[in-house]
1. For residues in the stretch 55-111 being within 18 Å of Gly177 (Cα to Cα) and hydrophobic (A, V, I, L, M, F, W, C), which is surrounded by the fewest Cβ atoms within 10 Å (Cβ to Cβ)?
2. Hey, could you check the stretch 16-46 for residues that are outside any helix (DSSP H, G or I), over 18 Å from the mean Cα position of the chain (by Cα) and at pLDDT 95 or above and say which is nearest to Ala166 (Cα to Cα)?
3. Within the stretch 127-185, can you find the residues that are more than 22 Å from Ala197 (Cα to Cα) and among the small types (Gly, Ala, Ser)?
4. Only residues that are of a type in the set (A, V, I, L, M, F, W, C) and free of Cβ contacts under 8 Å to residues at least 24 places away in the same chain: list them for the stretch 179-207, please.
5. Is it true that some residue in the stretch 62-69 is over 29 Å from Asp155 (Cβ atoms), at pLDDT 95 or above and touching an Asp or Glu at 6+ places or on another chain (Cβ under 6 Å)?
6. Among Leu30, Leu113, Leu77, Leu87, which is touching an Asp or Glu at 6+ places or on another chain (Cβ under 8 Å) and of a type in the set (A, V, I, L, M)?
7. Which residue out of His123, His116 is modelled with pLDDT of 95 or more and at positive phi?
Amino acid sequence: MLISGRGSNMRALVQGGREARRAFEVAAVLSDRPAAPGLALARELGVPARAIIPDANDRTAYEEALATAIDEHTPTLIALAGFMRILSASFVGRYAGRIMNIHPSLLPKYPGLHTHRHALEAHDAEHGATVHFVTEELDGGPPIIQARLEVRPEDDEQSLAARVLALEHRIYPLAVGWYCQGRLRYAEGRAWLDGRALSTPVQYDAI
């Protein structure tokens, strides 16, 4: 897993992977920020964790160091969770079809940052989170699963973010579990679940 912050989705995946019905284990947690609270949390959970410190002047060297650290664990999947660096096309290509991300919006709405603010400013009736495969396009890879909620009149950015985060913790372990069970794959630029190309993401409330 690659993180930059608190690691709440990382915790959800570690705990989800330890449940009997899951078919995955978080092998390691890497961060671009040495002070990321998620590193300490990962160690408390018994998962190896360390920072790979970026060189502001050499993105290629940083991504090579990151790839070396990843490859030490020969992972089936790389899961991004609040990793605040944009990965290059060459890095994404190196792990094509094996990188997944969770994003706090109903993609394709609101890629990038400040998604909750955008939803409130647009007076959206609903908001949510999306798990998707990572491609060269920022937050533009094929979506896998979404969870939705109703935006309340009293919501502000903080309350909306907290409610969406709770949904993230539910859908990310599901998607990772599907992948590691062999049910989910990336091919032909699309997400495939149980042998069927997803024309729209799975909706969590329909499971």
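The values are calculated or read from the model by the stated rules, or taken from the named source; none is laboratory data. In this text the structure is predicted, and so the values were computed from the model without any measurement. Every residue, glycine among them, receives a Cβ derived from its backbone with ideal geometry; neighbour counts consider all protein chains shown.
1. Leu77
2. So, considering only residues that are outside any helix (DSSP H, G or I), over 18 Å from the mean Cα position of the chain (by Cα) and at pLDDT 95 or above, the one nearest to Ala166 (Cα to Cα) is Leu45.
3. Gly128, Ser159, Ala161, Ala162, Ala166
4. Trp192, Ala197, Ala206
5. Yes, some residue in the stretch 62-69 is over 29 Å from Asp155 (Cβ atoms), at pLDDT 95 or above and touching an Asp or Glu at 6+ places or on another chain (Cβ under 6 Å).
6. Answer to the selection: Leu87.
7. Result: His123 is the single residue among His123, His116 that is modelled with pLDDT of 95 or more and at positive phi.
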